[in-house]
Amino acid sequence: MRRTSFIFIFVAALALTASAEATTVEKKDSALYASLHRLEARADSGDAKARFDLANLLERGYGPVRTDSARALQLYALAAESGYPPAMNYYGFRLFNGDGVARDRDKGYSLIENAAMKGDPKGAANLGWLLAAGEEVVPDPEKAVYWLEKASDAGLPVAMDQLGSIYARGLPPVEPDTLRAASLFARAAEGGFRQADRHLLGLMEKKWSLLPPDSAVSLGVRLFTSGKAPVSAITLFRQAAAEGSPRAWALLGEAYALGRGVGYDNRASLEAFYRAASAGYAPAQYILAELLDIFPDALTDILDSPLDRGQHADVNAASWYEKAASGGITDAREALEAIVGPAGAAFLRH
């Protein structure tokens, strides 16, 4: 009988939980609909921003709000006609490209230009790109740079990357400026524009190949731990590691362990830390000791690979702890800070 009572209580509890969750969802939906109705009311009253926001919501859909592309496009057009800069840029670009609407390049270009002149960063970026590309628009490199500078100064990563590309190769009469291009690519990468990292690498790889290992590692650490350009950093680490830098091997181990700048690869991380530790690098010795403390057989596969063929290796965690301590490293925090620096360690912990 007790078992039956327990089952009944358990099922009743589940029912109450489900009911509470359903009530919560209903309340959220109710609040969403109330907010949507207020937004629609403002849009109906002629509020251009409300029209633009409602168009965004209808174009993408959200929760119980279904997509309605036709109505969204109408609202974008109304908001653009009311002079709301983000709508002018967005609707103008769709007109220019004939995206879901009859193509009208002249009107589209005019809307984008007016949005830029009213201070819209995306409008400035689009105008700059059109003037630089010169596709069905009279090219004007100097004006392109002017508007891309405006968008970059407003913090738009894609504009930084576009401007960096102009300075990287030059666009007469705009002269090449490698240092400025590199700075723009780095800022764009830091802002989350992933292609900028590879653009930075393409621009600087040959020059970086001439750096001595210590300089390559220092630059790589700045790029890796600032969030700017981890792919570029990996190239620098590999370059320095190939020239015998134990710290570079440890940095590669950290990169593979985090999946930062490279795909996550536990074996590659272990191999890199082992190379650094075997070269006498105390921070890597401590990290390797910690790994062996948790996974005593971690090195089994590594030692059977060509990496250590014909060599004897110590697989005892205590031995590696002892070696690390003799090098001044006695805890994980010290090890990480020695590899990536205190600021880098703080960044990677978050």
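Nothing in this text is a laboratory measurement; each read-out follows from the coordinates by a stated rule. In this text, all values refer to a predicted model and were calculated from it rather than measured experimentally. Virtual Cβ from ideal backbone geometry, glycine too; neighbours counted across all protein chains shown.
For region 120-193, compute Rg over Rh where Rg is the Cα radius of gyration and Rh is the Kirkwood radius from the inverse mean 1/r over Cα pairs.
Details: Rg = 11.1 Å, Rh = 11.7 Å.
My calculation of the ratio gives 0.95.
Quickly estimate the mean residue ellipticity at 222 nm for the chain, helices only: each DSSP H run with n ≥ 4 gives -39500 (n - 2.57), and the total goes over all residues, rounded to 500. Write down the numbers at each step before the final one.
Working: 19 runs with 258 residues, N = 350.
Per the formula, -23500 deg cm²/dmol.
Counting pairs of Cα atoms in the chain, how many percent are more than 26 Å apart? Mind dumping the intermediate values first?
Numbers: 40336 of 61075 pairs.
Counting every Cα pair in the chain, those more than 26 Å apart make up 66 percent.
Could you work out the per residue convex hull volume over the alpha carbons of region 209-349, in cubic angstrom?
Details: hull volume 14.6 nm³, N = 141.
In region 209-349, the Cα convex hull volume per residue is 103 Å³.
Enumerate the calculated ³J(HN,Hα) couplings along region 279-288 in order (Karplus 6.51 cos²θ - 1.76 cosθ + 1.60, θ = phi - 60°), each rounded to whole Hz, writing x wherever the residue is Gly or Pro.
Couplings: 7, x, 7, 4, x, 5, 4, 5, 4, 5 Hz.
Short version: ³J(HN,Hα) in whole Hz for each residue of region 203-209, in order, from phi by Karplus 6.51 cos²θ - 1.76 cosθ + 1.60 (θ = phi - 60°), x for Gly and Pro, what are they?
Once θ is set to phi - 60°, the couplings for region 203-209 become 6, 10, 4, 5, 5, 5, 5 Hz.
Going toward the positive end of the dipole of the chain, with +1 on Lys and Arg Cβ and -1 on Asp and Glu Cβ, which of TRP208, VAL174, TYR109 do you reach last?
Comparing the listed Cα positions along the dipole, TYR109 ranks first.
Going down the table (LYS49/LYS118; LYS150/LYS206; LYS143/LYS228; LYS206/LYS228; LYS207/LYS228), which pairs top 22 Å between alpha carbons? Show your work: numbers first, answer last.
Numbers: LYS49/LYS118 15 Å; LYS150/LYS206 31 Å; LYS143/LYS228 28 Å; LYS206/LYS228 19 Å; LYS207/LYS228 19 Å.
The pairs that break the limit, which is 22 Å between Cα atoms, are LYS150/LYS206; LYS143/LYS228.
What Kirkwood hydrodynamic radius do you get for region 42-117 when you take the inverse of the mean 1/r over all pairs of distinct Cα atoms, in Å?
Working: mean 1/r = 0.0821 Å⁻¹.
Evaluated over region 42-117, this radius sits at 12.2 Å.
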